[in-house]
1. List the pairs whose first member sits in the range 167-189 and is part of a helix (DSSP H, G or I), whose second member is modelled with pLDDT of 85 or more and among the basic types (Lys, Arg), and whose Cβ atoms are under 7 Å apart, counting only residues at least 6 apart or on separate chains?
2. How many of the residues in the range 1-49 are of a type in the set (S, T, N, Q) and touching a residue at least 40 places away in the same chain (Cβ under 8 Å)?
3. Among the listed residues Gly69, Gly34, which satisfies the condition of being touching a Lys or Arg at 6+ places or on another chain (Cβ under 9 Å) and either at pLDDT 95 or above or not hydrophobic (A, V, I, L, M, F, W, C) (or both)?
4. Go through the range 190-216 and report how many residues are in contact (Cβ under 8 Å) with a residue 60 or more places away in the chain and in a helix (DSSP H, G or I).
5. Please list, ordered by first then second residue, the pairs with beta carbon atoms under 7 Å, 6 or more apart or interchain, first in the range 54-72 and closer than 15 Å to Val31 by Cβ, second part of a loop (DSSP other than H, G, I, E, B) and open to solvent by less than 40 Å² (accessible area, probe 1.4 Å).
6. What are the residues in the range 83-98 that are open to solvent by less than 80 Å² (accessible area, probe 1.4 Å), within 15 Å of Arg52 (Cα to Cα) and of a type outside the set (Phe, Trp, Tyr), if any?
7. Within the range 27-63, can you find the residues that are touching a Pro at 6+ places or on another chain (Cβ under 6 Å), on the phi < 0 side of the Ramachandran plot and not hydrophobic (A, V, I, L, M, F, W, C)?
Amino acid sequence: MAEATVPLISAHALACTRGSARLFAGLELAVGEGELLQVAGANGSGKTSLLRILCGLSEAESGELRWGGEPVKRAKDAWRAGLLYLGHRNAVKDDFTPLENLRASAAIAGEALGEDTALSALVDIGLGARLDVPARNLSQGQRRRVALARLLCGTRARLWVLDEPFTALDVRAVAQLAGAMADHLRGGGAIIYTTHQPVDIDAPRRALLNLDDYAC
């Protein structure tokens, strides 16, 4: 009998409280290589809170996270190095150009990013005419593209955690991002994401987690 594959990331009996409200409890999930997990639920159900917990940006009220089968407290370095998070806030510095922002985000992750690769990603995502413009002068959609260009550059992160990645993108950029996500999955990566937009993503394996099922 073949051995069961250990999930890349898993959550066990996870509970989340924000302020005086408990958003969810008893939550279980497991995401492995090549798997696309969409997190769904009503507004206020805790979708963003869950993604931030999975990335270590917020703490759960209770429960346990595991990375590669190990509690994240013991696998902290591998956990942090193995994921890439893009949230509602684009984490784009106003004084930096798109190129400077892109290379800075790679440097923070400890990854070398050549100028040619970065420029190619920015042109591909539709920012070729805005390369020298400080981010403060970009539209919200353009700022979003700066952040998302990181996904087109190649990254060692095995897990992408994406909160509403298609927001403020035009049809061409949506298709391009969906293609990058599919490439990541085919390469053995995993993705956990939220979206209000129905987007077709070619995924070897997909699953849906509805937070309404864990509401308190």
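The values are calculated or read from the model by the stated rules, or taken from the named source; none is laboratory data. What you see is a predicted model, and the numbers here were worked out from it, not measured in a lab. Neighbour counts run over all protein chains shown; Cβ positions are idealised from the backbone, glycine included. In case anyone asks, the SASA skips ligands and DNA or RNA and just uses the protein heavy atoms, side chains included. Shrake-Rupley method; radii C 1.70, N 1.55, O 1.52, S 1.80 Å.
1. Within 7 Å, the pairs are Ala173/Arg145.
2. 5
3. Numbers: Gly69 fails: touching a Lys or Arg at 6+ places or on another chain (Cβ under 9 Å).
The conditions single out Gly34.
4. Residues flagged as in contact (Cβ under 8 Å) with a residue 60 or more places away in the chain and in a helix (DSSP H, G or I) within the range 190-216 amount to 3.
5. Here the result reads Leu65/Val72; Arg66/Val72; Trp67/Ala75; Trp67/Gly82; Gly68/Leu8; Gly68/Ala75, each pair linking the range 54-72 to a residue that is part of a loop (DSSP other than H, G, I, E, B) and open to solvent by less than 40 Å² (accessible area, probe 1.4 Å).
6. Matches in the range 83-98: Leu83, Leu84, Leu86, Gly87, Asn90.
7. Gly32 - this is the single residue of the range 27-63 that is touching a Pro at 6+ places or on another chain (Cβ under 6 Å), on the phi < 0 side of the Ramachandran plot and not hydrophobic (A, V, I, L, M, F, W, C).
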